[in-house]
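The values are calculated or read from the model by the stated rules, or taken from the named source; none is laboratory data. Because the structure is a prediction, the values reported are computed rather than measured. Glycine also receives a Cβ, built like all others from the backbone with ideal geometry; neighbour counts cover every protein chain displayed. All accessible areas refer to the heavy atoms of the entire protein, side chains included, with ligands and DNA or RNA removed. Shrake-Rupley method; radii C 1.70, N 1.55, O 1.52, S 1.80 Å.
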Amino acid sequence: MSEHVLLNHHDHLDVKILSHHSPELEEKTNFTMVFPIEFRDIQSQYPIFFQKNTETGAFYPIALFGLEPGENLFLSDRGWDASYIPLMIQKQPFFIGLKHDESAEDGRSMVVTMDPSSPRISTVDGESLFNADGSATEFLNEKMSVLEHVHQGHEHSDEFVQALSEHSLLEQFVLELTMEDGSTNQMLGFYTVKEESVQALSGDVLADFSAKGFLMPLFMVLASHANVRALIQKKTGV
């Protein structure tokens, strides 16, 4: 993995970004991290589950794109076949970095960084990042807005997942899939919301979830599970 570089108009005036979606642009993954702030859009297209960080033990929500590692059933040579693309895909190849800033409250400020090894980067084709005078283009401003949503999404997501864990609402499961040809497939390492435990929550807890903006995302997770069947249909073509 290459080290990210600080984005600036001096070094990257001529850099362009390929903005289309294709298997060649590092999007052949069967899931990505998502955030509660986008669950309303996510649940209309993708199943939402959770995974656990093996190093920290923390849970994080994901949108499922495929039924096998490296399989993205929404991606083809024609582009991304969905009305909404998750923020973590939209932001590529940019990231949020931190730099020392004595004027900031915590001594750090956010900056935009870029993965110089990304296949999205070009000097020939694509969207420009800077105008001739060094100002940000509309395209770059849009990407910076996405990064801001990602930053906000991380903070809210951590609180959301912590609340689910505190009330024991997450459980590990094996996603057993029966394909149209009768073959079976098992997906391991995923967690889901225990619907019966949600139904058993007290009124006070539900009111607290609602006040903190957790209730709607919780129900969006449950509603999204209907999309598993749609994924199977995408895979089998039936």
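So the values come out like this:
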| read-out | value |
| --- | --- |
| Mean projected area (nm²) of the alpha-carbon convex hull when region 116-238 is viewed from all directions | 12.6 nm² |
| Part-to-part distance (alpha-carbon centres) for region 185-230 and region 32-48, which is given in Å | 12 Å |
| Most fluctuating residue given options Q90, Q186, Q172, as computed from a GNM of the chain linking Cα atoms under 10 Å | Q186 |
| Heavy-atom surface of the chain, accessible at 1.4 Å and reported per residue (Å²) | 54 Å² |
| Derived scalar couplings ³J(HN,Hα) [region 51-68; Karplus, 6.51 cos²θ - 1.76 cosθ + 1.60; whole Hz; x for Gly, Pro] | 10, 10, 5, 5, 8, 9, x, 7, 8, 8, x, 9, 9, 8, 9, x, 9, 9 |
| Linear extension gain, M216 paired with H10, 0.36 nm per residue minus alpha-carbon span | 69.7 nm |
| GNM flexibility winner over the chain from A163, A200, A58 (Cα, springs under 10 Å) | A200 |
| Relative contact order of region 32-90, defined on C-alpha pairs under 8 angstrom at six or more residues apart (%) | 38 percent |
| Pairs beyond 26 Å (Cα-Cα), from K16/K234; K28/K212; K52/K194 | K16/K234; K28/K212 |
| Sulfur and carbon atoms: percent of accessible area, the chain [1.4 Å] | 48 percent |
| For L75, distant residues with modelled amide H under 5 Å away | D81 |
| GluC sites (Glu not before Pro), loop per DSSP, at most 13 other Cβ atoms within 10 Å - longest free stretch of the chain | 106-179 |
| Full-extension gain in nm, D133 to Q186, via 0.36 nm per residue minus C-alpha separation | 13.6 nm |
| Scaled radius of gyration (Cα, divided by 2.2 N^0.38 Å) that the chain gives | 1.13 |
